[in-house]
Every structure is written in structure tokens, then in C-alpha cells.
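Trainee: Pasting in a structure now, in C-alpha cells, and then I'll have a few things to ask.
The values are calculated or read from the model by the stated rules, or taken from the named source; none is laboratory data. Remember, predicted model here, so these are calculated numbers, not experimental data. Cβ placement follows ideal geometry from the backbone for every residue including glycine, while neighbour counts extend to all protein chains displayed. Just the protein is used for accessible areas: all its heavy atoms, side chains included, with ligands, DNA and RNA removed. Shrake-Rupley method; radii C 1.70, N 1.55, O 1.52, S 1.80 Å.
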Amino acid sequence: MTLFWHRRDLRISDNAGLYYALKQGGPVQPVFIFDAAILGKLPSRADARVEFIQRNVAELDAAYRTHGSCLLTYYGDPVAIWKSLRDEFRPTAVFTNRDYEPYARTRDDAVREILEEQDIPLHDHKDHVIFESDEIQKKAGGPYTVYTPYMRTWRSTLDARLSTHDGKPVSFYLKPYPTESYAGRLRQVADPPPVVRLEDMGFEATDVPLPPPAAPLPVLEQYDRQRDYPATEGTTRWGVHLRHGTVSVREKARRALATNATLLNELIWRDFYSNILQSFPHVAHRSYRPAYDTIPWINDEQQFERWCAGETGVPIVDAGMRQLNATGFMHNRVRMIVASYLTKHLLIDWRWGESYFADKLLDYELASNNGGWQWAAGSGVDAQPYFRIFNFESQQRKFDPEYRYVRRWVPEYGTSGYPDKPLVEHKFGRDRALATYKTALVAARAGSVAL
Ligand SMILES: Cc1cc2nc3c(=O)[nH]c(=O)nc-3n(C[C@H](O)[C@H](O)[C@H](O)COP(=O)(O)OP(=O)(O)OC[C@H]3O[C@@H](n4cnc5c(N)ncnc54)[C@H](O)[C@@H]3O)c2cc1C
């Protein structure tokens, strides 16, 4: 018997690790563990992400049942649970898909160790990204840290190996794994146990709307023209699905290739940031560029709270934060604006913003969130230079000229109930940020700290 461990891959179809588990023989018993350590750290008992995962786990179980099998679900400490799974099932092998986050790597090492005590191998496969960091390297060796050359090599690697799918040519790397053809090798379970429920874990349902896994065709076709305008539903909302693997990234990349090249570039950004986290795990806690850790942040707690609540007096920042607080989503253009306002105008440590986003975003993904924040703070790979500071007034004029987005989320805007000036005004904030960054970076360079 083989066990297959689902984590960020909540689907049967086109699932690399599941395919290899089934291919090896059978019977294969799938399992899923709700990790008490992760869930215990969440700030609220009504968390739309837990709800999303639980709902998709239940749907996955239902899908396995149509094949006469089931998904065994558990809630607790993954290492302890693996000890008892090992003793109960005595599997010959365990298969899974790779997770690149530092916590997951440590957890997987611990699980691997307890399986190895009984000579049970843990086979892990690539599924979450199109390319892992060792597949896209500079000619001279080593990972790319600049997006454009990375993207070019990513594209040429994709095109270098062709295969076919449905009678049409497709890159080998985007070809789906025909998991369903081997579904007969799933372990047959006559009386499957129920799936762990939200209430079993002390969570409750929310009223946050969860986006569907497919975007309407016009959104895909007009993506490059619409994606920058936050008042328009012009982006795919694939984020949460890619994060938890309720859709396959290969399928989404094929869809992007068939409809809109710009969209493919965004998926390449996703691989890029994942590759950065794989190659430079220190970015999870520190600036990629050490000199940026010497910036003397002001870290005013009251100003941070106003930013979190969407009460800064900057209409587009307030609209973005309120959209985030109400729905768990914020438009990408606005994520850049609010992150820039926090790190530059308010001079608050990017990690504070990163961690607030981590608590709130439905599509929260450590690699992309960290990449986005370090990009805005200037501390990351391929970041905008620190002296290029977003002007929130011109961003407003360009991307929400009629204030449609602002009025949707800040109904009191334009009335006496809305502040008549921002917490920190653009020119003052810009000049202060320039001076602070410059002084810190010049001193760091003088002290030989890498820029
Ligand atoms: C400060 C900041 C924090 C961010 N935090 C996250 C996060 O936690 N999780 C996350 O998935 N994305 C994050 N992003 C990237 C981007 O904002 C979201 O992926 C996007 O807004 C999600 O909406 P969508 O699914 O409609 O994306 P679309 O615009 O439709 O793009 C399709 C998919 O491409 C990927 N993608 C798009 N833009 C980026 C990008 N810049 N970097 C990496 N991948 C991208 C995502 O998987 C996305 O679902 C962040 C960006 C910034 C500036």
C-alpha cells in the first residue's frame, strides 16, 4: 500500500505526485492533515482560508468516493499523525508534492525522518510551479535575481521541449498528468469516515465570497488592457486556487498561452518569486539586500493601525485596505500603492505590512507576498530603486480617474466625514523617505554592508 499526502494540491486531475504514486502500483490511499500548528496561529476563528480549504477537502473526498475510495482527513500535529499512519498502514512508500516554504521544509524533514526509521521512502514531486529554481539558472550558473532575463530563460526552456496533448503540440512542461487513467489503483474503501469539519477545529463559517476556479473568457482576453484598473473585475482571481492547488498551474499556463501573453508573464512572476524563496530562504525574515535592514523605520503604531483600518486620508490606500479587510482580496495595482505608502511615506517596516497581508489575504502565498513587499520597500531582488517613490495622487488619476473604486469602498469620501488631508502628505513623505533611505544606505555602504 502507498499513501499519498495532499497539501497544496487539492485536486485529483493533473496532480504530479498523485500520478507517480498511482503509476508505481497501488493501492493508493490519499490523506490530508489540517495542521494544528498553522491553524492555531491564525488571528480569527472565522477565517475564509480555512473555510476554503475545508470545503475543497470535502469536495476532494467526494471526488475520491466516485472512484470507490476516499480522502482520509486528520487534524493535529503532522509529525505525530504520520507516526500513527506509518504504524497503522505500514505503507511501502509515501508520495507528496513539494512545498518550498521554510516551515513546510522543516516539517517534511521531520516526517521523512520518522518514515525512514522503518525504511519507508517519502517521494516528493514538483507540482506547485512550472519550473523549480535549479531548472532556470543563469548561463554562468546560479539563480537569476532579475525578472526579465529570468523570464526569457523560462520561456525558452518551456519552448525547448515539445510534446502533444489532445492531438496538439504543447510544451512538455505544461502537459497534464493523466491521473484519472490510473484511478482504478486507488484503495477501495467500503465505509469511508467523515471529513474533519470546521467546527471540529474550532472554526466557523464566514460570509466572504470565494472566487470560482475559472475566470470568464472576456477577462482573459482583455487581461492586458483591464488588469490595472481596480474598479474593473479585470483579473482572473486564480490566486487562491493556485495557492491551494484546486487548479493546476500547468492548466492555467496553457489557458494563459491560448488567450493572453501578459497573463503568462504574471504566472512567470509567481515562479520567479517561488524560485527566489527556494534559492534565498533568508528573504522570509530579512531583506534580500542586507543594507536595507539598517533603515531606521519610524514604526509608529498608531499610524500603522490607521493604515490597517483604511483610515489614512489617502483615498486609494483606504479603499484598498477596506477591500482587503472586507473580502480578503486587494487588486494588484492597489497592493503596490498601499505597500509603497506604508514603507515610504509612513516609514514602517515592510515586515509589518507583509504580516498584515499574510493574516488577511485569501490568496496569501509567502513567496509572492514577500516578493511584492520587498519590491515595494526596495529591499528585494529586482526592486524599483528606492528613489522611485509611488505618487499616490498620480496613481489615483491614472488608474481610478473617476474614483469609482474609491467610492465603492470609502462611501464617506467627498463628505465632511472624510479627512481633508492625508496622514502623511506626498511631498513631505517622499522627501523624508528619500533622506532616510539615502542616509542609511550610504552609511551601510561605508560599513561594507551589501547594498
Ligand atoms: C505587496 C504585494 C503583496 C502580494 N501578495 C501576494 C500573495 O500573498 N499571493 C499572491 O498570489 N500574490 C501576491 N501578490 C501578487 C498579485 O498582487 C496577486 O497575485 C494578484 O493580485 C492576485 O489576483 P488575481 O488572481 O486576480 O491575479 P491575476 O492578475 O489574474 O494574475 C494571475 C495569477 O498570476 C500570479 N501573479 C500575478 N501577479 C503576480 C505577482 N506580481 N507576483 C507573483 N504572482 C503573480 C498569481 O498567481 C495570480 O493569481 C502581491 C503583490 C504585492 C504588490
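Trainee: Would you mind calculating the gained length between Arg55 and Ser355 on full extension (0.36 nm times residue separation, minus the Cα-Cα distance), in nm to one decimal?
Mentor: Contour length minus the Cα-Cα distance gives 105.5 nm.
Trainee: Return the distance in nm (one decimal) between the two label points of a simple spin-label model at Arg197 and Glu113, each offset 7 Å from Cα along Cα→Cβ.
Mentor: Label-label distance for Arg197 and Glu113, simple model: 3.7 nm.
Trainee: Same structure, new question: Would you kindly state how much longer the chain becomes between Lys438 and Arg286 on full extension, computed as 0.36 nm times their sequence separation minus their alpha carbon distance, in nm to one decimal?
Mentor: On the way: separation 152, 0.36 × 152 = 54.72 nm, distance 1.92 nm.
Result for the pair: 52.8 nm of gain on full extension.
Trainee: With a Förster radius of 41 Å, plug the Cβ-Cβ distance of Glu88 and Thr327 into 1/(1 + (r/R0)^6) and report the FRET value to the nearest 0.05. Can you show the working numbers first?
Mentor: On the way: r = 41 Å, r/R0 = 1.01.
FRET efficiency, Glu88 to Thr327: 0.50.
Trainee: Also, quick follow-up: Take the alpha carbon atoms of the stretch 66-84, find their center, do the same for the stretch 333-360, and report the distance between the two centers in whole angstrom.
Mentor: 37
Trainee: Treat each spin label as a single point 7 Å out from the Cα along the C-beta direction, and report the Glu251 to Trp269 distance in nm.
Mentor: Taking the two extended label points, one gets 2.4 nm.
Trainee: Now for a different question. Report, in listed order, any pair from Lys344/Lys438; Lys138/Lys438; Lys252/Lys398; Lys41/Lys252 with a Cα-Cα distance greater than 20 Å.
Mentor: Pairs exceeding the cut-off: Lys138/Lys438; Lys252/Lys398; Lys41/Lys252.
Trainee: Quick check on the stretch 309-451: take the gyration tensor over C-alpha atoms, sort the square-rooted eigenvalues as a ≥ b ≥ c, and tell me if it's rounded (a/c under 1.5), prolate or oblate.
Mentor: oblate
Trainee: What are the ³J(HN,Hα) couplings of the stretch 77-90, residue after residue, when phi is run through the Karplus curve with 6.51, -1.76, 1.60 and θ = phi - 60°? Round to Hz, x for glycine and proline.
Mentor: Values per residue, Gly and Pro as x: 8, x, 5, 5, 5, 5, 4, 6, 5, 4, 6, 6, 9, 6 Hz.
Trainee: Take the alpha-carbon centre of the stretch 390-434, take the same for the stretch 99-160, and report the distance between them in whole Å.
Mentor: 41
Trainee: Could you tell me the center-to-center distance, by alpha carbons, between the stretch 214-259 and the stretch 178-202 in angstrom?
Mentor: That distance is 29 Å.
Trainee: Each residue of the stretch 36-46 in order: what ³J(HN,Hα) in whole Hz does its phi give by Karplus 6.51 cos²θ - 1.76 cosθ + 1.60, θ = phi - 60°, with x for Gly and Pro?
Mentor: 4, 5, 5, 5, x, 7, 5, x, 10, 7, 10
Trainee: Long-range amide H contacts for His123: which residues qualify at under 5 Å (H placed 1.01 Å from N, peptide plane, sequence gap of 5 or more or a different chain)?
Mentor: Val94, Phe95, Thr96
Trainee: So, one more: Using a 7 Å offset from Cα along Cα-Cβ at Leu42, what residues in the stretch 219-258 end up with backbone N under 14 Å from the label point?
Mentor: Residues passing the 14 Å test: 244.
Trainee: FRET efficiency for His165 and Arg105, Cβ-Cβ distance as r, R0 = 30 Å, nearest 0.05?
Mentor: Rounded to the nearest 0.05, the efficiency is 0.40.
Trainee: Hey, can you grab everything whose amide H is under 5 Å from the amide H of Asp47? Only 5+ residues off in sequence or another chain; H modelled, so Pro and N-termini drop out.
Mentor: Amide H neighbours of Asp47: Glu204.
Trainee: Once you keep just the Cα pairs under 8 angstrom separated by 6 or more residues, what percentage relative contact order results for the chain?
Mentor: It rounds to 17 percent for the chain.
Trainee: Given H placed on each backbone N at 1.01 Å, which residues far from Gln29 in sequence or on other chains put an amide H within less than 5 Å of it?
Mentor: Residues meeting the amide H criterion: Thr2, Leu3, Phe4, Arg187.
Trainee: With every protein chain present, what is the per residue accessible area of the stretch 197-356 (1.4 Å probe, Å²)?
Mentor: 38
Trainee: Can you divide the C-alpha Rg of the chain by 2.2 N^0.38 Å and report the result to two decimal places?
Mentor: Numbers: Rg = 23.3 Å, N = 451, 2.2 N^0.38 = 22.4 Å.
With N residues counted in the chain, Rg over 2.2 N^0.38 Å equals 1.04.
Trainee: Hey, if we sort Ser416, Ser69, Ser279 by accessible area with the 1.4 Å probe, largest down, what's the order?
Mentor: Putting Ser416, Ser69, Ser279 in descending order of accessible area: Ser416, Ser279, Ser69.
Trainee: Separate question: 222 nm [θ] for the chain, helices only, -39500 (n - 2.57) per DSSP H run of 4+, per residue, to 500?
Mentor: -14000 deg cm²/dmol
Trainee: Let me ask another. Which residues does a label at Arg445 reach in the stretch 356-394, if reach means a backbone N under 16 Å from a point 7 Å past the Cα toward the Cβ?
Mentor: Taking a point 7 Å out along Cα→Cβ of Arg445, the residues of the stretch 356-394 whose backbone N falls under 16 Å are 379, 385-388.
Trainee: Tell me, what % of the accessible area of the chain is carbon and sulfur with a 1.4 angstrom probe?
Mentor: C and S fraction of accessible area: 51 percent.
Trainee: Once you have the Cα-Cα distance between Ala261 and Ser156, take 0.36 nm times their residue separation minus that, and quote the gain in nm to one decimal.
Mentor: Stretched fully, the Ala261-Ser156 segment lengthens by 36.4 nm.
Trainee: When the solvent-accessible surface of protein heavy atoms is calculated with a 1.4 angstrom probe, in what order do Tyr177, Tyr273 fall, highest first?
Mentor: Order by accessible area, largest first: Tyr177, Tyr273.
Trainee: For Met201, what accessible surface area do you get with a 1.4 Å probe? Give it in Å², rounded to 10.
Mentor: Surface open to solvent at Met201 totals about 10 Å².
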